[in-house]
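Single-structure report; data block below.
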Amino acid sequence: MAIKFSASTAESFMSYFSPEKLFSKISDVAKKAGVKVIYAALLLYYAMFDKEVPMSDKAIVVGALGYFILPLDFIPDFLPGGFVDDAGALVLAVKNIWSNISANTHRQAKAKLNEWFDNINPSDLQLF
């Protein structure tokens, strides 16, 4: 049975999300978390502002980003492999809204990613 990151699952993490908290978290953990995790977070962030993305998808986005920001999650970030659960939540959310992620959203996420990482390998951007 496949796990799905749904709007109802996301509700419990929505209160942890804000753009300021997200970018603070990213600046703190970008190098440790890696390109794929940050790319997934950025795709979700920019999808939130796309008028074509349905509200049900935006609820998934806010929940997944809230989980990413949450300081105490299933696997604490300070432990080795601590971003595995964050990556899983983010990638599941991206996969659930993939058909509604526009080319512009991809461009925005890649542009921001290039500000933080040097020499990004295109394979680093393959989330699934």
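The values are calculated or read from the model by the stated rules, or taken from the named source; none is laboratory data. All values reported here derive from a predicted model rather than from experimental measurement. As a convention, Cβ positions derive from the backbone with ideal geometry for all residues, glycine included, and neighbour counts pool all protein chains shown. Only protein heavy atoms, including side chains, enter the accessible area calculation; ligands, DNA and RNA are left aside. Shrake-Rupley method; radii C 1.70, N 1.55, O 1.52, S 1.80 Å.
Within segment 29-70, if we keep just the residues that are among the basic types (Lys, Arg) and over 18 Å from Val84 (Cα atoms), the residue that is most open to solvent (accessible area, probe 1.4 Å) turns out to be Lys51. State whether the residues of segment 99-112 include one that is in a loop (DSSP other than H, G, I, E, B), under 24 Å from Glu20 (Cβ atoms) and modelled with pLDDT of 90 or more. Yes, that holds for at least one residue.
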